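Shown next, in structure tokens, is the structure this report addresses.
Every number in this text was worked out from the coordinates using simple rules, so none of it is lab data. Remember, predicted model here, so these are calculated numbers, not experimental data. Reconstructed Cβ throughout: ideal geometry from the backbone, glycine too, with neighbour counts over all protein chains shown.
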Amino acid sequence: MSKKVLLLHGWGGSDFPHWQSWLAGELAQDYGCVNFLKFSNFDEPKLDVWMQELTSALNDFAPDIVICHSLANTLWFHLCQTQQLNAVKKLYLVAPPSLECKVSELSEFFPIQAPKDLNAVKAMLIVSTNDPYMSIEEAEILQKELNIEMKIVQNAGHINAESGYGKWEWILKELKKEEAL
């Protein structure tokens, strides 16, 4: 894989056995160019610190594809609303939390509005029918606001290791499809 892929985790990180950790390994073993960014203090995230770390990674790595999970989606929305970014070729927004999320440890990230511009040539929203952090109704509203393609995964929880997503063949196949374009 010659495209550069940036993986962005959410609150608590995405270390093994999370699918982002698995995907980083799968891409790297095929000589792919992957940056699995580790945000500082991911159990007690600070919006300004994470924004700076993401901005640095975008400037240094210049990814073609960005894959956000959970709180990283919210971080991406903040970045889109406050900074001018170079558009990535493809953006995957996986299991974003509600724009009105009420988790007290994450209060500086919320509430947030959907950005007018995702700074991506193409984007896809990937949600679950039973995500505890965003209802399917909220996901449908977000999809309309963003005006992007949406993939709905049945009963996948928060699409993380706890809900059985350590190995996620679909996302790997999707990235290989991107490579063929």
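For the chain, what does -39500 (n - 2.57) per DSSP helix run (n ≥ 4), summed and divided by total residues, give at 222 nm, in deg cm²/dmol to the nearest 500? Please report the intermediate quantities before stating the final value.
Numbers: 5 runs with 61 residues, N = 181.
Value at 222 nm, helices only: -10500 deg cm²/dmol.
Would you list the P(r) distribution for the range 13-126, with all Cα-Cα distances sorted into 5 Å bins from 0 and each bin expressed as a whole %?
Binned Cα distances yield the sequence 2, 11, 21, 26, 22, 13, 4, 1, 0.
Provide the FRET efficiency to the nearest 0.05 for the residue 162-residue 84 pair, computing r from the beta carbons and using R0 = 41 Å.
Values: r = 36 Å, r/R0 = 0.89.
With R0 = 41 Å, the Cβ-Cβ based efficiency is 0.65.
If I model a spin label at residue 100 and residue 16 as a point 7 Å from the Cα along the Cα→Cβ vector, what separation in nanometres do I get?
It is 4.1 nm.
Mind giving me the FRET efficiency for residue 52 and residue 173? R0 is 45 Å, r the Cβ-Cβ distance, nearest 0.05 is fine.
Working: r = 34 Å, r/R0 = 0.75.
So the FRET efficiency works out to roughly 0.85.
What Kirkwood Rh does the range 43-84 have if only Cα atoms enter the pairwise 1/r average? Answer in Å. Present the calculation step by step, with values, prior to reporting the outcome.
Numbers: mean 1/r = 0.0924 Å⁻¹.
Averaging 1/r across every pair of different Cα atoms and inverting gives 10.8 Å.
From the Cα gyration tensor of the range 88-172, with a ≥ b ≥ c the square roots of its eigenvalues, which class applies: rounded if a/c is under 1.5, or else prolate if a/b is larger than b/c, or else oblate?
It comes out oblate by the Cα gyration axes.
What span do the alpha-carbon atoms of the range 85-133 cover on each of the three principal axes, reported in whole Å from largest to smallest?
33, 25, 15
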